[in-house]
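Computed from the coordinates by the stated procedures, all read-outs in this text should not be read as laboratory data. These figures come from a predicted structure and were not determined experimentally. FYI the Cβ positions are ideal-geometry reconstructions off the backbone, even for glycines, and counts take in every protein chain you see.
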Amino acid sequence: MTQSLELKGKNPTGRKMIIPIRCMSCNKPIAHLWEDFKERSANGETKKEVMDDLDLKRYCCRAQFMGHVDLLDEVARFKRG
Amino acid sequence: MEIKLLSKKEDGTSKFLISGTSVSILNMYRRLIVNKVPTMAIDTVEIIENSSALYDDMLAHRLGLVVLKTDLDACFIKDNQRYTVDLTLEVEGPCIVFAEQMKSKDPGVFPIHGKTPIVKLLENQKLKFVATAATGEGKEHTKHSPALMYYEKYPYLNIKDAKKAEAIIQSCPIDAKKLEDSKLKDINTHELCPGCIGGLEDDNHIETKDADYLVTIEPWGQLTTGEIIEALGTVSNNLLDELAKEIKKIK
């Protein structure tokens, strides 16, 4: 029981807490574009415009940005273990 | 074989028209680029202190994927000696740890995308590690792959009707609209996008030739496109030499 709980805690959060360094499908480095993307899409530009401008042309890379939620800030407040 | 450079973007993505070749040859080049052209990447990480929310192994995995600028001369493994460089980092939160904060011992080896976030630190959280970057090949780990290469048959547009050309220019969402003087000549050299293909009523306007290919090399940053092609030559020569040697042994 304890073991399964541990695994539950580790995998799903570990995967997507912070933007992946590279696209999981095509290997393109994408992490450095995330802050820009977040800021610009919060300032009213559509996600499509921003992604086109950042030269994310394949749908694998675009999916990484569309589906990502920054959970690290939330998770970091609790004790690791 | 004839190679013509069609376009080159700021990030190094280059398109070539290669004529007089075949899919099997191009696929060999593609596989050599992905699997055999060596680059540097962080290989081992000695974590001294990590009180961030990410586990040590997650952190090491992220560090491994960081793109490092590579000196091509150092890449090729000489006398079984891999070239290694240490990168160190020591930070205390609250902050976002960026790849550019790593201090490299070799000024020629550094993270290309400095603003790559490694981890976020809150107050009282610390991170300290020594990472060792080493040369390696894409067949060991995909982080060593220098580029993505893909190819397709070169689409020659053949439109004789001016009205049809105009319609395609109107329907193209990306490039064709930028063609200010919408002449037949321009549209016939325009690279096809799905929007253009949608504008074509039938496929009769697209012609392909058996031996002409549109090849794209999209480098990730470790090496420039030129360096990748140079290394491709060295790699394939080495492999062929090796093969020749083995064949001689059999004789």
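Quick rundown of the values:
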read-out: Per-residue HN-Hα couplings for region B:216-227 [Karplus 6.51, -1.76, 1.60; θ = phi - 60°; Hz; x = Gly/Pro]; value: 10, 10, 10, x, 7, x, 4, 10, 7, 4, x, 5
read-out: Region A:16-81, Cα convex hull volume normalised per residue, Å³; value: 90
read-out: Inter-label distance, nm, simple model (7 Å from Cα along the C-beta direction), residue B:100/residue B:211; value: 4.9
read-out: Whole-percent pair-distance distribution, where bins are 10 Å wide, for the alpha carbons of region B:1-47; value: 20, 36, 28, 11, 5, 0
read-out: Cα gyration tensor, region B:20-60 - rounded (a/c under 1.5), prolate or oblate; value: prolate
read-out: Sorted peptide list for B:30-38, A:38-46, B:120-128, criterion being average Cβ within 10 angstrom, highest first; value: B:30-38, B:120-128, A:38-46
read-out: Projected area averaged over orientations for region B:39-143, convex hull of C-alpha atoms, nm²; value: 6.3
read-out: Label-point separation in nm, residue A:46 to residue B:128, each point 7 Å along Cα→Cβ; value: 5.1
read-out: Pairs beyond 26 Å (Cα-Cα), from B:8/B:105; A:57/B:143; B:4/B:245; value: B:8/B:105; B:4/B:245
